[in-house]
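One structure is given below, encoded as structure tokens.
The values are calculated or read from the model by the stated rules, or taken from the named source; none is laboratory data. What you are looking at is a predicted structure, and each value in this text was computed from that prediction instead of being measured. Glycine gets a Cβ as well: all are built from the backbone with ideal geometry, and neighbour counts include every protein chain shown. Just the protein is used for accessible areas: all its heavy atoms, side chains included, with ligands, DNA and RNA removed. Shrake-Rupley method; radii C 1.70, N 1.55, O 1.52, S 1.80 Å.
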Amino acid sequence: MVGELDFLMPTKLVFGEGRLKEVGEKVKGYGKKALLVTGRKAMKELGFTHQVIEYLKAEGVEAVLYDKVEPNPSKQTVNTGGKLAKGKDCDVIVALGGGSALDAAKGIAVVAKYGGDVWDYMGEGNVPGPVLPLVGIPSTAGTGSETTPYAVITFKEKKMKYFMASPYIFFKVAIVDPLVMMSVPRYITAYTGMDAFTHAAEAYTSRMAQPISDRLALQAIELATGSLPQVVMNGDNLEARTNMALASSLAGMAIAQAGCGNAHCLGEPLGGFFKTDHGAVVGLLLPHVMEYNILTNPDKFVNIAKVMGEKVDGLSLRSAAMKAVEAVRNLLVDIGLPQRLRDLGVQKEAIPEMAEEVMRRNPNGESARTVGLEDVKYLFERAF
């Protein structure tokens, strides 16, 4: 029986090949002067930055280019972008690029509207009201930021990443065009895709899960299981790129409702201590967290195993559930991602400090199983 549930998804999803050309039409409904937030090289070198500027211009929208976003965007980058948007009287923000560009744009939209330091708005529910309207164009299938109310910002001086969560930072429109993702290198394809998979798996097993998010998450798991290895092997596989683009957006919708789990709770502080790729870290942690959580709802882990193609007939409930953990480990091998934290340059002596940082962030809000300080240390050590 389905009980009460809430479901909020205010983003208009514009999905499909060649739909980038609609950006001008979509943006002009929100403003006449756009801050175009993007990274320093990739989108420019591939010609997409120029295309977006021209599509905006064709619809009477002026573009102010802010191409300063680095991987793991810093608060300084966000604050500077917010001041630029306000100083240039921009009335809409357009994000073009991977999760870093999309997350930075969300922070910029807040700072441009309310001023101050993006730090003032971090955490949950600290954005005071509506921000400058946001239109997002993801270039990777990974963070799902185009369909979430979250942004992750790096605070270099504190050696940490922190999140912003607010319904006010949903994109008004997300233009998801698989053709924009075709040139993503193999390793980036692998770790961003694993981030999307981890979102789906953690949303599905979250204590905040509900029937709609469950269906979105399982569909994302199934799409990623079938398509991620294919697109890592052959980046020109448009069908696999399209499936991964959809998986990423669906997984984003799922975590927008159900949140993430301890693979993310542990992974974000770790990414602040060491220069690690987010998707590689959370993907590496995921099977350890799944095994730790498995008794909380073994039936759900069996369902994950089934959609990942594992044979579970005749097995005990626990053994069938463990097939999901094995399948995730096999997926990591298939796409060539590291299996141990030490392979990512993580230092074992940092584990106690990282574990304390995890506990300062209240890791038990959505995770399937409660953790204490010693549990977090255990999980880090198992993954090391």
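Of note:
- By average C-beta atoms within 10 angstrom, highest first, the peptides 268-281, 99-112: 99-112, 268-281
- The length gained on full extension between Asp89 and Glu381, counted as 0.36 nm times the residue separation minus their Cα-Cα distance, comes to 100.1 nm.
- Restricting attention to the range 48-193, close to 40% of DSSP beta bridges with both partner residues there are antiparallel.
- Tensor-based shape of the range 217-301 (alpha-carbon gyration tensor, a/c under 1.5 rounded, otherwise prolate or oblate): oblate
- Kirkwood's formula applied to the C-alpha pairs of the range 1-60 gives a hydrodynamic radius of 13.9 angstrom.
- When the helices of the chain are scored as -39500 (n - 2.57) per DSSP H run of n ≥ 4 and the total is divided over every residue, the value at 222 nm lands at -16000 deg cm²/dmol.
- Surface composition of the range 135-194: carbon plus sulfur atoms contribute 61% of the solvent-accessible area (1.4 Å probe, protein chains only, all chains present).
- For the range 288-303, backbone nitrogen atoms closer than 15 Å to the point 7 Å from Glu326 Cα along Cα-to-C-beta are found at 291, 302-303.
- If both residues of a DSSP beta bridge must be in the chain, then about 20% of such bridges are antiparallel.
- Alpha-carbon centroid distance for the pair the range 258-274 / the range 115-129, whole angstrom: 20
- Within the range 10-27, backbone nitrogen closer than 17 Å to the virtual label 7 Å beyond the Cα of Ser183 toward Cβ: 18-21
- Amide H to amide H distances under 5 Å link Ala63 with Ala34, where only residues 5 or more positions off or on other chains count and H is placed in the peptide plane.
- Gyration tensor verdict on the range 18-122 (Cα atoms; rounded if a/c is under 1.5, prolate if a/b is larger than b/c, oblate otherwise): oblate
- Percent carbon-and-sulfur accessible area, the range 1-115, ignoring ligands, DNA and RNA, probe 1.4 Å: 50
- Rule-of-thumb Rg ratio for the chain [Cα; 2.2 N^0.38 Å; N residues]: 0.94
- Spatially, the range 192-233 and the range 331-369 are offset by 19 Å when compared through their Cα centroids.
- Atom-type composition of the exposed protein surface of the range 265-384 places 44 percent of the accessible area on carbon and sulfur (1.4 angstrom probe).
- Extension gain (nm, one decimal) between Leu373 and Phe163, 0.36 nm per residue minus Cα-Cα: 73.5 nm
- For the pair Glu4 and Lys32, the difference between a 0.36 nm per residue extended length and the Cα-Cα distance amounts to 6.0 nm.
- Hits among lysines - C-alpha to C-alpha of Lys21 under 19 Å, sequence gap 8 or more where chains match: Lys12, Lys32, Lys33, Lys44, Lys57, Lys172
- For the chain, the solvent-accessible area works out to 41 Å² per residue, with a probe of 1.4 Å and every protein chain left in place.
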